[in-house]
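Report on one structure; see the data block that follows.
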Amino acid sequence: MNLKQCEQIIGYTFKNKSLLKTAFTHSTYTNENGGLNNERLEFLGDAVLETVMSEMVYKYYPNQKEGFLSSTRALLVRRKTTNELGEKMGLRNYVVMRKGNNNFSNITGNLFEALVGAVYLDKGYDVAADFIMRSYKQHIKMDKLLRKEQNYKSMLLEWCQKERKEFYYELIEETRIEDNKIRFQSRVIIE
């Protein structure tokens with residue numbers, strides 16, 4: 001792995017280069033070769049990412065209630081968004097893993113979270129927050145994402161609760177599809 005090139009791609013220079021190496025080392029590699037992998041950094045990075053996005057959403061939407069803030073944060077930190085971010089940053093090109101094992105669907109999102117954890121340990125919360133916000137602004141169109149992705153079910157339930165309307169769900173149809181997944185259609189009955 002070319003550390004210098006990797007740092008240029010992510011736009012951050014590490015004081016402790018071993019954190020960068022660990023952030024890009026997948027468990028499939030360490031299972032065979034030993035050493036540290038990125039799972040613990042991913043765990044830490046996930047928590048830092050959620051905190052930074054919570055703070056950002058809280059400040060950006062000063063008049064919104066908790067339910068809206070939670071669903072907005074969830075859109076920003078969900079795996080689909082972090083995967084997209086990791087892909088656009090080109091993180092997959094630097095992962096160190098067992099040969100032939102590069103079809104993990106969430107690998108780039110996991111790598112981004114591990115990087116966040118590594119930056120946090122390298123230079124602290126403020127620098128990690130700057131890294132996150134810069135990465136999102138450069139690669140994710142946040143306003144477009146927030147407009148496009150609406151959780152209509154949550155919005156309806158919040159309205160029912162606010163208006164003190166009774167509601168319940170009714171299953172209409174259930175269909176088994178591939179890989180033991182179930183597709184269902186239901187409706188909500190309000191009073």
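Observations
- Carbon + sulfur, % of accessible area of segment 18-98 - ligands and nucleic acids excluded, 1.4 Å: 50
- Thr25 long-range amide H proximity, modeled H, under 5 Å: Asn38, Val96
- In terms of its Cα atoms, segment 1-110 spans 51, 29, 23 Å along the principal axes, sorted from long to short.
- Each Lys and Arg Cβ is given +1 and each Asp and Glu Cβ -1; about its Cα centre, segment 1-91 then shows a dipole of about 200 debye.
- Taken about its Cα centre, segment 34-191 carries a charge dipole of about 440 debye when Lys and Arg each add +1 at the Cβ and Asp and Glu each add -1 at the Cβ.
- The structure shown yields Rg and Dmax of the Cα atoms in Å, and of the options (1) 20.1, 62; (2) 15.3, 47; (3) 18.8, 61 that calculated value carries the label (1).
- For Phe167, distant residues with modelled amide H under 5 Å away: Glu191
- For segment 1-87, the solvent-accessible area of protein heavy atoms averages 58 Å² per residue (probe radius 1.4 Å; ligands and nucleic acids excluded).
- Cα-based helix-to-principal-axis angle, 152-162 vs the chain, degrees rounded to 10: 50
- Considering only Thr25, Phe68, Asn93, and ranking their Cα positions along the charge dipole of segment 1-111 that arises from unit charges at the beta-carbon of Lys, Arg, Asp and Glu, the one farthest toward the positive end is Asn93.
The values are calculated or read from the model by the stated rules, or taken from the named source; none is laboratory data. Given the structure is predicted, the values throughout are model-derived calculations rather than measurements. In this analysis, Cβ positions are derived from the backbone assuming ideal geometry, glycine residues included, and neighbour counts consider all displayed protein chains. Quick note on the areas: whole protein, heavy atoms, side chains included, nothing else; ligands and nucleic acids left out. Shrake-Rupley method; radii C 1.70, N 1.55, O 1.52, S 1.80 Å.
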